[in-house]
Amino acid sequence: MEKSRESSFWAMSRAAARTAKRVARRAVSVTTPFDELHPVRARSGADMHRTLTWLDLVGLGVGGMVGAGVFVTTGRASRLLAGPAVLLSYAIAGLSALLSAFSYTEFAVDLPVAGGAFSYLRVTFGEFAAFLCGANLVMEYVLSNAAVARSFTAYLGSAVGVLAAQKWRPTISFLPNGFNQIDFIAAVVILSITLLICFSTKESSVMNIVLTATHILFICFIIVMGFWKGDWRNFVEAEDPEKHRSGFFPYGVSGVFNGAAMVYLSYIGYDAVSTMAEEVRNPRRDIPIGVSGSVLLVTVFYCFMSASMSKLVPYDAIDADAPFSAAFREKSDGWRWVSNVIGAGASFGILTSLVVAMLGQARYVCVIGRSGVIPGWFAVVHPKTSTPVNASVFLGLLTATISLFTDLQILLNLVSIGTLFVFYMVANAVIYKRYVSITTTSPWPTLSFLLSFSLTSILFTLLWRYAPSGHPKAFILFVNFVVAIAMVQAFVLLVPQAQKPQLWGVPAMPWVPFASIFLNLFLLGSLDGPSYVRFGVFSGVVVVFYVVYSAVNGGGSMGEEECFVQLDGGTKEKCSSNYIVDGGGGEISLKV
């Protein structure tokens, strides 16, 4: 008996040791673009059809961004964080989004698959970093979509003259506050869009273009009405100066950056556009126009819309839930009807944003399923519709459930951090991709500079936020900023590029992605504590899931194995010899 127990103990110890080695090995395993484009993509069965053009991508980008965040976050960012200077918050967030969009574009052109940031990080920093970021980004999508769906109910109520929170959201007394106002309309909207995106991507895009074009007319109407009927004094005067500070910067310059971190939710849509790369006819031409062009257009719209709102209403009188329609609701000079029109326009826009975001989140989960770190069931592409049906249905049900119960403010407090973190990682990844070739260069010089620059940016952010105001603070911040610039220049002089993109590359490399790193970290430093708690808790769950399931999925030993892929035209090509295949999970990774 004792010998049996002893042998069982040593067997378990050996199994644990093998598991630890496998986890360590898989966590840093990387794939190549060839993997992602052929053998990994083949795990979905049917292909996604290449039916989208640059016009579709611009429509998806504009619809995905303008339709949601500006109506959800502008009121809260202005009233609670930035005041009339919220238009500068949008400009800063737009600049950060554009810099990140350049990094996304280089990857998407070189690697036109549906995985977005997950695939980009998997070919640079390895499987674990990709899964951690991909899982957080999917959760951001789910939470933001739930928030947007609940906002749809509020704006639909404005369109028909109903206070939705009281009439259309019954309160369940035995549920805790924040989860007790049931929004059936939000849940029905999510489920209806889920059915649409399961049917066809092209038809979803056509509907999005029609809704987006209609919505842009509403946006122009909002801007014109705001500048026509508003008062410039509202930019510098509070409605109640005894309780709230007046001025263009009532919360100071720091409030502008805090507002930028909140309104960054409004730019999530362009990331969804990059997940459509696998369905684009001409990735080299269409993706740069679709991603960067939509971000530029949307930034202009956001700045004019937020300025219009600030001109209409003093910041301390803005309705945080439905700011644009509420601006006209209380008017007694015959302009109340504008509130109904704005409510209808916002409802159209929110629908477009939900279509785009739910298309994007499903494709993220589909490609994560291809990797084997979650069940392969999520990777299935339906042969008739050419859409990731399983991932779409699962995420639709999850989002609908959250939107049914959870208050808008709770949802808004939980989003943005994951998105900013992923954009930060992609900016690092595009530099790593350009300056490191696994077979010819050492990664350590590049990694050392990236780490040093990130630490310098974090130090600047902490000083900005916590150091007492005064000349010493300004001097230290200036020195810190100069050190960061010198660090980038040293990197340019000391580390040569290992490879250059063949099709499209980030301009002014490496200055643009380094600027993106700095801005994303700076905006991360503006977020509140609960956001970091959510990020830490969910990331902990992701780590446990990866160790328990992903890295040991299916068991089996690691061994070399030949594989073949079916290329366009029916020809077969042998996979490169430098791959490792997990005998259980089917994981293909580059030998390092």
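The values are calculated or read from the model by the stated rules, or taken from the named source; none is laboratory data. Since the structure is predicted, the reported quantities are computational estimates derived from the model, not experimental observations. Glycine gets a Cβ as well: all are built from the backbone with ideal geometry, and neighbour counts include every protein chain shown. Note: areas computed on protein heavy atoms with side chains; ligands, DNA, RNA excluded. Shrake-Rupley method; radii C 1.70, N 1.55, O 1.52, S 1.80 Å.
Summary of computed values
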item: Failed item in (1) closer than 22 Å to Gly255 by Cα; (2) open to solvent by 90 Å² or more (accessible area, probe 1.4 Å); (3) part of a helix (DSSP H, G or I); (4) without any contact (Cβ under 8 Å) to a residue 24 or more places away in the chain, with Leu477 passing the rest; result: (2)
item: Index of the failed condition, Gln409 passing every other in (1) in a helix (DSSP H, G or I); (2) at pLDDT 85 or above; (3) under 26 Å from the mean Cα position of the chain (by Cα); result: (2)
item: Single residue of segment 248-278 satisfying the filter (open to solvent by 20 Å² or more (accessible area, probe 1.4 Å) and of a type in the set (Gly, Ala, Ser)) that is farthest from the chain's Cα centre (by Cα); result: Gly252
item: Residue match in segment 304-327 (condition: at pLDDT 75 or above, in a helix (DSSP H, G or I) and under 20 Å from the mean Cα position of the chain (by Cα)); result: no
item: First in segment 370-385 and without any contact (Cβ under 8 Å) to a residue 24 or more places away in the chain, second anywhere and outside any helix (DSSP H, G or I) and open to solvent by less than 60 Å² (accessible area, probe 1.4 Å), Cβ under 9 Å, 6 or more apart; result: Pro375/Asn553; Phe378/Pro388; Lys384/Ala46
item: Segment 513-550 - residue that is more than 17 Å from Tyr104 (Cβ to Cβ) and among the hydroxyl-bearing types (Ser, Thr, Tyr) and, of those, surrounded by the fewest Cβ atoms within 10 Å (Cβ to Cβ); result: Tyr532
item: Residues satisfying the stated conditions in segment 220-245, i.e. touching a residue at least 60 places away in the same chain (Cβ under 8 Å) and among the acidic types (Asp, Glu); result: Asp231, Glu237, Glu239, Asp240
item: Filtered residue count, segment 174-203, keeping only those that are within 19 Å of Gly349 (Cα to Cα), at pLDDT 75 or above, among the β-branched types (Val, Ile, Thr) and touching a helix residue (DSSP H, G or I) at 6+ places or on another chain (Cβ under 7 Å); result: 6
item: In segment 372-385, the residues that are out of contact with any helix residue (DSSP H, G or I) (no Cβ under 7 Å at 6 or more places or on another chain) and open to solvent by less than 50 Å² (accessible area, probe 1.4 Å); result: Gly372
item: Residue, farthest from Val542 (Cα to Cα), within segment 386-399, restricted to residues that are touching a residue at least 60 places away in the same chain (Cβ under 8 Å) and crowded, with 22+ Cβ neighbours inside 10 Å; result: Thr387
item: Boolean, Val113 is touching a strand residue (DSSP E or B) at 6+ places or on another chain (Cβ under 8 Å) and at pLDDT below 90; result: no
item: Flag if Asp183 is of a type in the set (Asp, Glu) and in contact with a Lys or Arg (Cβ under 6 Å, 6 or more places away or on another chain); result: yes
item: Candidates Phe491, Phe449, Phe453, filtered to the one that is open to solvent by less than 60 Å² (accessible area, probe 1.4 Å) and within 16 Å of Gly525 (Cα to Cα); result: Phe453
item: Test result for Ile190, under 28 Å from Arg169 (Cβ atoms), β-branched (Val, Ile, Thr) and part of a helix (DSSP H, G or I); result: yes
item: Qualifying residue in segment 384-398 (condition: on the phi > 0 side of the Ramachandran plot, of a type in the set (S, T, N, Q) and at pLDDT below 80); result: yes
item: Residues satisfying the stated conditions in segment 111-157, i.e. open to solvent by 10 Å² or more (accessible area, probe 1.4 Å) and over 16 Å from the mean Cα position of the chain (by Cα); result: Pro112, Val123, Thr124, Phe125, Phe128, Phe152, Ala154, Leu156
item: Residue satisfying all of: in segment 494-512; of a type in the set (A, V, I, L, M) and at negative phi; surrounded by the most Cβ atoms within 10 Å (Cβ to Cβ) among these; result: Val506
